[in-house]
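Following: one structure in structure tokens, then a few remarks.
The values are calculated or read from the model by the stated rules, or taken from the named source; none is laboratory data. Nothing here was measured: the structure is a model prediction, and the numbers come from that model. Glycine also receives a Cβ, built like all others from the backbone with ideal geometry; neighbour counts cover every protein chain displayed. The area values use the complete protein model at the heavy-atom level, side chains included, leaving out ligands, DNA and RNA. Shrake-Rupley method; radii C 1.70, N 1.55, O 1.52, S 1.80 Å.
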Amino acid sequence: MVDTSGGEGGTACAFAPGDGPAPHPGAADVFAGMSAVADAVLYEGYLLYPYRRSSAKNRVRWQFGVLPPRDWVEADGPVTEGISGSADSWYQRTECLVRAEGPAAALRVRVRYLQMQRKQVEAADGDSGHRPVESLLTADGGVQLSFDEAVPQEVDLVWPLADLLRGVCTAPTGAPAARETEELSKGAGRIVRTREAVRARTTAGAEQLADGLYRVCVRTENTGRSPESGGARGEVLRHALLAAHTLLGGTGLEFVSLIDPPEALRAQTRGCRNAFTFPVLGGPAPESDGADDGCTGPVLLSSPIILPDHPQVAPESPGDLHDAAEIDEILTLRTMLLTDEEKAEARATDPRAARILDRVDTMPQEVFSRLHGAIRSLSPVSPVTPASTGEPSPPAEAPGPAGARPAWWQEGGDDGLSPTTDTVLVDGVELGGGSPVRLRPRKRGSDAQDMFLEGRTARVSAVFHDVDGSTHLAVTVDDDPAAELHGWYGRFHYFRPDEVEPLGDPRPQRRQAT
């Protein structure tokens, strides 16, 4: 296992210590297809609806991928490593498997983050100059508000694989301090934007596991110090990397999925250690034509939030709303309903909020209509029959091919289905209400939260037949203290039959539908 957690030492590859990164041919092309997704990660939670400074949810910001100085983070002890989430850490570690075509292969790394920028409004104060204020009414009737903005930072690095195999390579990835002044009209005052220096470095190394197979480790860490011991988080964030994430690509390299690796590489992927990040394959998913299809790709996105392999921005989405987990249609409707006063405050809060409002206010009807919903999973549906219940199924009453059930929207489409008594055959075992199972969620295409239930035991509560012809098992997890309550409410976890492993008595506990 490669360890790049050492001190300031290491071999500087591609850049001399202290030099800024130089552009290199082809770097932009490698990650071009990931720009929309990467930007959604960068600005996730940057400013939340209703996009006003006074909103409570916008008073505590920067929740994902936050890398403050180490001394501040570890003031109460070392951090506990996790795969991703909102915990502040002074570093991120990405470890993955790479297939290389030959010795000429090179690793390309793009480190991206936001640098906090303080927007301070200052009112003109006679001959004495200017004084800081929270808000200022300008001569044209507009309002300027003091607020914490952010500036995107991006550093491109490239290292030959041969250099990474010889030792750890290091390059600076911080950002300098800056101060910018904008004069307001008619001498009303000015806006002063300041940024504190962010000190950071990225290290990378590799080790060979087999012929043409390597484990690569990339680590980005904050090397600065907090302005004061035990200082407030809001002040420390001025020296932090915010929404930090990493894109990995390369020349002659192919990355292996850590979510759904090829069967032959599952043991090696389990040996990869990732801290405060979640690496997924980038770019569009390939057309299915093999057992290992989709298990490898040319780009890896190491994200501070959990994503699936090959994440994509919905083509219907007209632009970034910074609430990436929300539904565009609902959020757009809510934004339309803001009062004029609320919109004025949002516009004064941040330029990005102003652009969101402009886009919503001028959205053509046909664009808004596309947000109402899209179905991407439609495919020919094979005839659906209920699983064996020991009783004959009633005949289909709607017209159609012999033996076929009527479509779900037709009368009689639900006849013969009974979730509490139906069963489904899994590995030769009949599963139904009461059957014990072990959860084995498929990594590709599964809900990200299901991954946390890998290997847990559960009990089947019902068998459901979906309108697309598929079947799902509703289960309650055995060691969930609220399992009985969830069962009473009808709040279940849902898994496909191929995502469970039968346990114990193969005979389901028959129950009559109520």
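Would you please name the residue that is modelled with the lowest pLDDT, looking only at residues in segment 435-491 that are among the basic types (Lys, Arg) and surrounded by 14 or more Cβ atoms within 10 Å (Cβ to Cβ)?
Top of the filtered list is ARG444.
Considering each residue of segment 55-70, count those that are of a type outside the set (A, V, I, L, M, F, W, C), open to solvent by 50 Å² or more (accessible area, probe 1.4 Å) and touching a residue at least 24 places away in the same chain (Cβ under 8 Å), and give that number.
The qualifying residues number 1.
Looking only at segment 211-230, count how many residues are farther than 24 Å from PRO172 by Cα and buried (at least 20 other Cβ atoms within 10 Å of the Cβ).
Qualifying residue count, segment 211-230: 1.
Answer with yes or no whether ASP140 is over 19 Å from LEU300 (Cβ atoms) and without any contact (Cβ under 8 Å) to a residue 12 or more places away in the chain.
The answer is no for ASP140.
Right, GLY290: open to solvent by 10 Å² or more (accessible area, probe 1.4 Å) and either among the charged types (D, E, K, R) or modelled with pLDDT of 90 or more (or both) or not?
Here the answer is no, as GLY290 does not meet what is asked.
Can you go through LEU165, LEU184 and tell me which one is out of contact with any Lys or Arg (no Cβ under 8 Å at 6 or more places or on another chain), open to solvent by 10 Å² or more (accessible area, probe 1.4 Å) and at negative phi?
Selected residue: LEU165, the only one of LEU165, LEU184 that is out of contact with any Lys or Arg (no Cβ under 8 Å at 6 or more places or on another chain), open to solvent by 10 Å² or more (accessible area, probe 1.4 Å) and at negative phi.
So, in segment 107-130, how many residues would count as being open to solvent by 30 Å² or more (accessible area, probe 1.4 Å) and modelled with pLDDT under 95?
6
Just name the residue that is farthest from LEU114 (Cα to Cα) out of those in segment 168-181 that are assigned to a strand (DSSP E or B) and open to solvent by 60 Å² or more (accessible area, probe 1.4 Å).
THR181
Can you tell me how many residues within segment 71-89 are surrounded by 23 or more Cβ atoms within 10 Å (Cβ to Cβ) and either in contact with a Cys (Cβ under 8 Å, 6 or more places away or on another chain) or in a loop (DSSP other than H, G, I, E, B) (or both)?
Number of matching residues: 1.
How many of the residues in segment 146-156 are open to solvent by less than 30 Å² (accessible area, probe 1.4 Å) and closer than 20 Å to GLY65 by Cα?
Total meeting the criteria: 3.
All but one of (1) within 29 Å of PRO103 (Cα to Cα); (2) among the β-branched types (Val, Ile, Thr); (3) surrounded by fewer than 18 Cβ atoms within 10 Å (Cβ to Cβ) hold for VAL313, so report the exception by its number.
(1)
For segment 88-96, state whether one or more residues are farther than 28 Å from CYS295 by Cα, free of Cβ contacts under 8 Å to residues at least 24 places away in the same chain and among the hydroxyl-bearing types (Ser, Thr, Tyr).
Scanning segment 88-96, I find no residue that is farther than 28 Å from CYS295 by Cα, free of Cβ contacts under 8 Å to residues at least 24 places away in the same chain and among the hydroxyl-bearing types (Ser, Thr, Tyr), so the answer is no.
Quick one: in segment 196-212, which of the residues that are of a type outside the set (Gly, Ala, Ser) and under 27 Å from the mean Cα position of the chain (by Cα) is nearest to PRO160 (Cα to Cα)?
Across segment 196-212, the extreme among qualifying residues is THR203.
Okay, residues lined up against (1) surrounded by 24 or more Cβ atoms within 10 Å (Cβ to Cβ); (2) among the hydroxyl-bearing types (Ser, Thr, Tyr); (3) more than 24 Å from the chain's Cα centre (by Cα); (4) closer than 25 Å to GLU44 by Cα:
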| residue | (1), (2), (3), (4) |
| --- | --- |
| ALA232 | no, no, yes, yes |
| ALA243 | yes, no, no, yes |
| LEU248 | yes, no, no, yes |
| SER257 | yes, yes, no, yes |
| PRO261 | no, no, no, no |
| GLY271 | no, no, no, no |
| LEU281 | yes, no, no, yes |
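Can you give me the number of residues within segment 358-368 that are in a helix (DSSP H, G or I), within 13 Å of GLU316 (Cα to Cα) and open to solvent by less than 60 Å² (accessible area, probe 1.4 Å)?
2
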